[in-house]
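Working notes for the structure below.
The values are calculated or read from the model by the stated rules, or taken from the named source; none is laboratory data. As the structure is a prediction and not an experimental result, all values here were calculated from the model. So basically every Cβ, Gly included, is an ideal-geometry build from the backbone, and we count neighbours across all protein chains shown.
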Amino acid sequence: MNIYLVRHGESEENIKGTFYGRTDCGLSDKGKLQAVILKDKLKNIAFDKIYCSPTKRAKETLDLICDNNNSLRICDKRLSEINFGEFEGKSYTEILKLYASECKLWEQDWISFVPPKGESYKELYNRVEEFMNDMLRENYDNVLIVTHGGVIRSIYSYVMNGNLELFWKFGCNNCDMARIKFEYGNLFIDSICHFDS
């Protein structure tokens, strides 16, 4: 099985530099161009199944890179980005100012810390792990997953035997594409590609 992971193109919130997970925003003009470039790289792959985050930015990316496969698409809420709760829509500087005590706890234990009304990275990982376990039971040749940076880093951690400590050891830019292979019961990262727009 070949699993192609795509992070959505640049979004309106990426430009602002805010923390946003559940904030539902669309792609910027640059993000649309990134998706068009990626479409050319994927054009010769016949996908058996396509999974997508339910967010607008992920669905817009998918529409641009893979426009004729509606019957293969499944929107799965487990592929949504982490919920930053009350941190949503704020810059790191704003969060430090408004939530000083919470930020100290965040620095001490970033894996388990839960922002007010949000979720922890451990909770994000747990739902991604559940998704991956379900998906790997299927007998597909080529799978496309269009999602978010946090989800993709969680999948990398999943490949690394569930080691969430490795979460920040991988880059994940807008419209990057990775290929993960599942062969003979072994899951491994085959490639990570960045295409300049």
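Of all residues in the range 84-122, count the ones that are free of Cβ contacts under 8 Å to residues at least 40 places away in the same chain, among the charged types (D, E, K, R), under 26 Å from Asn163 (Cα atoms) and not in a loop (DSSP other than H, G, I, E, B).
Counting residues in the range 84-122 that are free of Cβ contacts under 8 Å to residues at least 40 places away in the same chain, among the charged types (D, E, K, R), under 26 Å from Asn163 (Cα atoms) and not in a loop (DSSP other than H, G, I, E, B) gives 3.
Every residue, every condition in (1) loosely packed, with under 15 Cβ neighbours inside 10 Å; (2) modelled with pLDDT of 95 or more; (3) within 17 Å of Ala58 (Cα to Cα); (4) in contact with a Leu (Cβ under 6 Å, 6 or more places away or on another chain), yes or no:
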{"position": "Ile152", "(1), (2), (3), (4)": "no, yes, yes, yes"}
{"position": "Tyr158", "(1), (2), (3), (4)": "no, yes, no, no"}
{"position": "Asn163", "(1), (2), (3), (4)": "yes, yes, no, no"}
{"position": "Cys172", "(1), (2), (3), (4)": "no, no, yes, no"}
{"position": "Cys175", "(1), (2), (3), (4)": "no, no, yes, yes"}
{"position": "Ile180", "(1), (2), (3), (4)": "no, yes, no, no"}
{"position": "Gly185", "(1), (2), (3), (4)": "yes, no, no, no"}
{"position": "Cys193", "(1), (2), (3), (4)": "yes, no, no, no"}
{"position": "Asp196", "(1), (2), (3), (4)": "yes, no, no, no"}
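Yes/no matrix, rows are residues, columns are (1) acidic (Asp, Glu); (2) at pLDDT 95 or above; (3) surrounded by fewer than 18 Cβ atoms within 10 Å (Cβ to Cβ); (4) out of contact with any Pro (no Cβ under 7 Å at 6 or more places or on another chain):
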{"residue": "Thr23", "(1), (2), (3), (4)": "no, no, no, yes"}
{"residue": "Lys43", "(1), (2), (3), (4)": "no, no, yes, yes"}
{"residue": "Ile65", "(1), (2), (3), (4)": "no, no, no, yes"}
{"residue": "Ser71", "(1), (2), (3), (4)": "no, no, yes, yes"}
{"residue": "Lys77", "(1), (2), (3), (4)": "no, yes, yes, no"}
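I'd like the residue in the range 170-194 that is under 17 Å from Leu144 (Cα atoms) and among the aromatic types (Phe, Trp, Tyr) and, out of all such residues, is nearest to the chain's Cα centre (by Cα).
The residue in question is Phe188.
Any residue in the range 38-64 that's assigned to a loop (DSSP other than H, G, I, E, B): show its pairings with residues that are surrounded by fewer than 20 Cβ atoms within 10 Å (Cβ to Cβ) and among the acidic types (Asp, Glu) at Cβ separation under 8 Å, as long as the two are six or more apart or on different chains.
Filtered contacts from the range 38-64: Ala46/Asp141; Asp48/Asp141; Ser53/Asp76; Pro54/Asp76; Thr55/Asp24.
Quick one: in the range 1-21, which of the residues that are among the β-branched types (Val, Ile, Thr) and more than 13 Å from Leu144 (Cβ to Cβ) is surrounded by the fewest Cβ atoms within 10 Å (Cβ to Cβ)? First the steps, then the outcome.
First pass over the range 1-21, keeping only residues among the β-branched types (Val, Ile, Thr): 3, 6, 15, 18.
Right, trim to more than 13 Å from Leu144 (Cβ to Cβ) and you get 15, 18.
Values: Ile15: 12, Thr18: 19.
If we take residues in the range 1-21 being among the β-branched types (Val, Ile, Thr) and more than 13 Å from Leu144 (Cβ to Cβ), then Ile15 is surrounded by the fewest Cβ atoms within 10 Å (Cβ to Cβ).
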